[in-house]
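The values are calculated or read from the model by the stated rules, or taken from the named source; none is laboratory data. Quick caveat: nothing in here was measured; it's all calculated off a predicted structure. Positions of Cβ are generated from backbone atoms using ideal geometry, with glycine treated the same way; all protein chains shown enter the neighbour counts.
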Amino acid sequence: MPDPLLSVENLRTYFYTDAGIARAVDGVSFNIGAGETVGLVGESGCGKSVTALSILRLIGSPGRIEPDSRLMFEGRDLLRLSEGEMRRVRGNRIAMIFQEPMTALNPVFTVGDQIAEVSRVHEKKGRKVAWNRAVEMLELVGIPAPAERAREYPHQLSGGMRQRIVIAMALMMKPALVIADEPTTALDVTIQAQILELLGDLQQKFGTSILLITHDMGVVAETASRVIVMYGGEIVESAPVDRIFANPHHPYTEGLLGAMPKVGQERERLQTIPGTVPPPTNWPAGCRFHDRCRYSWERTERAHPPLYEIETGHLSRCFLAEEPQRRAQPHEPMVAQS
Amino acid sequence: MFVEWLRGLAAGVRRLDSVSRAALVILGALFLAAMLAPVIAPYSQSHQIDIVGMKNHAPSLAHPFGTDRFSRDVLSRVLYGARISLTVATLAVLVSAIIGTLYGLTAATLGGVVDTVLMRLLDAMLSIPRVLLLIAILALWSPVPLWMLVLLLGITGWFGVSRLVRAEALSVREREFVVAARSLGAGAGRIMLRHLLPNVLVPVIVTTTLGIGNVIVLEAGLSFIGIGAREPAASLGTMFQDGTEAFAGTWWAALFPGVVMVTTVLCFNILGDALRASLDPRHLHRARVGTGTAPLHTAE
């Protein structure tokens with residue numbers, strides 16, 4: 001197997017707050033291959049976005065990426081780069097797409113100007129060239145009358161249009177990796193599909209890898225080839241997308257899938273996962289999910305499960321891998337009882 | 001590049017109510033009259049018409065504001081005085097706005113230790129009473145040239161602005177487009193000037209407007225105790241001080257400069273408050289939410 005494009009090794013991002021050390025990302029390792037789309041899934045507060053920002057080294061004080069973490073990208077460890085070298089990676093080799101197209105654009109500049117800015121930062125070919133490139137990008141992301149649109153301001157455009165602008169900004173330099181943090185969450189469902197399709201098209205065209213962060217299993221099913229599920233700052237399950245849907249192993253993944261509406265099934269109440277993600281300053285001892293888990297038993301409260309390889313390429317951080325018979329006896333989770 | 005921003009400013013001005021529009025018009029007229037003083041004033045500011053025959057004349061058609069005890073035309077002197085007071089105050093406030101904005105932006109952009117050091121330094125400077133400091137400096141160096149007075153008033157008046165700018169910039173910095181710009185490779189300078197600055201200018205404009213009134217009063221106060229602008233160059237404060245020496249007999253020598261000064265300050269304050277309300281998107285938002293005509297976060 002060739003070297004992956006990005007190899008995250010034991011990434012730990014801690015926030016040193018007055019309330020204690022928040023271990024937002026706590027020992028996460030995964031790879032992204034060239035041209036691959038990987039879905040990163042989990043609830044709010046489980047460490048997805050911090051993982052994304054860590055890859056771009058955009059974690060500000062009081063947050064810190066712990067020194068033994070490694071982020072191997074195109075043969076270099078991003079964590080060993082100087083700030084200047086890192087700036088040449090951002091937007092150029094790795095770009096990010098944000099959730100809110102409303103707030104991800106500066107309200108006081110035209111959209112053309114903002115797309116052109118990316119070229120002006122990285123290519124330094126002058127205002128005129130940058131502007132023309134911006135107009136080309138607008139055309140590429142499917143915006144009609146790009147030359148006119150380029151002169152408009154963010155508030156003059158619809159949400160879907162704005163998200164296309166954000167995508168144009170991210171893809172301007174044809175980066176090797178795009179991190180998309182909930183790119184469709186703020187959009188209407190019909191627009192969501194268009195944006196995902198656009199992302200897929202551009203990925204084909206440029207051979208870009210995508211790390212797609214979402215809490216929407218439906219989006220993952222449509223776009224990703226591999227899924228990583230995070231909980232409590234850790235990876236709890238990782239598998240090819242069809243395996244996750246056909247045969248989820250971790251109870252948390254099961255819960256996420258149960259909370260997803262399915263077309264063509266008997267109408268029934270969606271399942272929920274009781275409780276919420278605990279604060280990252282205070283992960284539960286043992287398995288971090290045990291208090292919300294339907295199968296937890298005495299061992300899960302005591303010991304922290306490692307990642308088990310269920311089958312080739314399918315990892316799960318659950319003792320059910322050793323004691324599968326426990327799955328036959330679900331019970332009320334601890335949080336639901338209290 | 002700032003077209004939209006200027007358009008916003010223009011729209012903000014258009015949203016002003018009639019009182020603040022009136023203030024704007026009065027200020028415009030005052031500025032015009034003051035700047036054109038050499039052209040429109042009947043006499044020069046120090047011209048003594050007739051030391052014996054023309055001193056302390058009450059307002060008349062020939063001298064609408066009367067003459068002072070040195071037989072100088074008070075109207076002419078008010079025009080020249082307004083010219084100096086307005087120029088000094090406006091330039092001083094501009095100096096404050098520029099220093100304060102850069103200082104606050106630097107602190108907010110760089111953050112961390114730099115921010116802490118800059119802000120503690122600011123606290124230290126804020127603990128020095130501005131008026132006493134100015135009195136001390138001017139008492140030692142007086143008379144100072146006007147440009148020096150401008151600089152002194154400017155560099156002792158930016159603390160509030162920089163606090164405001166820093167606070168505003170800190171909140172703008174957390175907005176997604178700034179993180180987005182960083183994620184696309186923008187450096188600190190670009191973030192500061194392109195992404196933070198245009199988005200913190202509104203509060204700067206408001207405080208600057210309010211600040212002009214303050215500085216006019218401050219300058220008048222310094223002139224009143226004899227250490228501001230010096231005779232024969234009149235500022236409104238000097239004239240007021242001069243006029244009060246014999247207020248009972250020649251009230252016009254103090255009243256007219258006083259009225260002009262109070263009017264100017266009042267207009268600046270009205271305008272500043274109105275701009276705060278009409279330019280601040282949060283105020284705007286609150287007003288619209290209040291009337292229930294627009295939902296939160298409309299995309300318009």
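For this structure, a couple of remarks:
- Within segment A:124-174, being of a type in the set (S, T, N, Q) and within 21 Å of A:GLY91 (Cα to Cα) holds for A:ASN132, A:GLN163.
- Residue satisfying condition, being away from every other protein chain (no Cβ under 11 Å), part of a helix (DSSP H, G or I) and modelled with pLDDT of 95 or more, within set A:VAL135, A:VAL129: A:VAL135
- Residue match in segment A:153-171 (condition: away from every other protein chain (no Cβ under 14 Å) and outside any loop (DSSP other than H, G, I, E, B)): yes
- All of A:GLU117, A:GLU123, A:GLU139 fail the test of being of a type in the set (Asp, Glu) and surrounded by 24 or more Cβ atoms within 10 Å (Cβ to Cβ), apart from A:GLU117.
- Close pairs (8 angstrom Cβ cut-off, 6 or more residues apart or separate chains): among the hydroxyl-bearing types (Ser, Thr, Tyr) in segment A:148-172, part of a helix (DSSP H, G or I) anywhere: A:TYR153/A:VAL111; A:TYR153/B:GLU4
- The residues on offer are B:VAL52, B:VAL95, B:VAL19, and the sole one that is out of contact with any Lys or Arg (no Cβ under 7 Å at 6 or more places or on another chain) and crowded, with 16+ Cβ neighbours inside 10 Å is B:VAL95.
- Residue pairs meeting the criteria (Cβ under 6 Å; at least 6 apart or on separate chains; first over 15 Å from A:SER54 (Cα atoms) and within 7 Å of chain A (Cβ to nearest Cβ), in segment B:176-188; second among the aliphatic types (A, V, I, L, M) and surrounded by fewer than 24 Cβ atoms within 10 Å (Cβ to Cβ)): B:ALA186/A:VAL121
- Every residue from segment A:282-303 that is of a type outside the set (A, V, I, L, M, F, W, C), assigned to a loop (DSSP other than H, G, I, E, B) and surrounded by 15 or more Cβ atoms within 10 Å (Cβ to Cβ): A:PRO284, A:GLY286, A:ARG288, A:ARG294, A:TYR295, A:SER296
- Residue within segment B:128-137 that is free of Cβ contacts under 8 Å to residues at least 40 places away in the same chain and not in a helix (DSSP H, G or I) present: yes
- When A:GLU237, A:GLU222 are checked against the criterion of being acidic (Asp, Glu) and either in contact (Cβ under 8 Å) with a residue 40 or more places away in the chain or at positive phi (or both), a single residue qualifies: A:GLU237.
- Test: A:PRO107 is at pLDDT below 90 and more than 8 Å from chain B (Cβ to nearest Cβ): no
- You will find that of B:GLY12, B:GLY28, the residue that is of a type in the set (Gly, Ala, Ser), assigned to a helix (DSSP H, G or I) and in contact (Cβ under 8 Å) with a residue 24 or more places away in the chain is B:GLY12 and no other.
- Here B:VAL204 passes the criteria (1) at the interface with another protein chain (Cβ under 10 Å from one of its Cβ atoms); (2) assigned to a helix (DSSP H, G or I) except the one numbered (1).
- The sole residue among B:SER85, B:SER71 that is in a helix (DSSP H, G or I), of a type outside the set (A, V, I, L, M, F, W, C), buried (at least 17 other Cβ atoms within 10 Å of the Cβ) and out of contact with any strand residue (DSSP E or B) (no Cβ under 7 Å at 6 or more places or on another chain) is B:SER85.
- Every residue from segment B:140-175 that is part of a helix (DSSP H, G or I), away from chain A (no Cβ under 14 Å), buried (at least 17 other Cβ atoms within 10 Å of the Cβ) and among the aliphatic types (A, V, I, L, M): B:LEU146, B:LEU149, B:VAL150, B:LEU152, B:LEU153, B:VAL161, B:LEU164, B:VAL165
- Members of segment A:206-246 that are within 30 Å of A:GLU66 (Cβ to Cβ) and among the basic types (Lys, Arg): A:ARG226
- Filtered residues of segment B:256-300 (kept if of a type in the set (Asp, Glu) and at pLDDT below 50): B:GLU300
- Top-ranked residue in segment B:189-201 [being surrounded by fewer than 22 Cβ atoms within 10 Å (Cβ to Cβ) and at the interface with chain A (Cβ under 10 Å from one of its Cβ atoms); ranked as nearest to B:GLY272 (Cα to Cα)]: B:LEU201
- Qualifying position, being among the acidic types (Asp, Glu), more than 9 Å from every other protein chain (Cβ to nearest Cβ) and farther than 23 Å from B:LEU170 by Cβ, among A:ASP113, A:ASP77: A:ASP77
- For segment A:68-80, a residue qualifies if it is farther than 10 Å from A:SER7 by Cα and in contact (Cβ under 8 Å) with a residue 12 or more places away in the chain, and the qualifying residues are A:ASP68, A:SER69, A:LEU78, A:LEU79.
- Of residues in segment A:86-99 being of a type in the set (D, E, K, R) and surrounded by fewer than 22 Cβ atoms within 10 Å (Cβ to Cβ), the one farthest from the other protein chains (Cβ to nearest Cβ): A:ARG93
- Residue, nearest to the chain's Cα centre (by Cα), within segment A:304-330, restricted to residues that are in a loop (DSSP other than H, G, I, E, B) and surrounded by 19 or more Cβ atoms within 10 Å (Cβ to Cβ): A:ARG317
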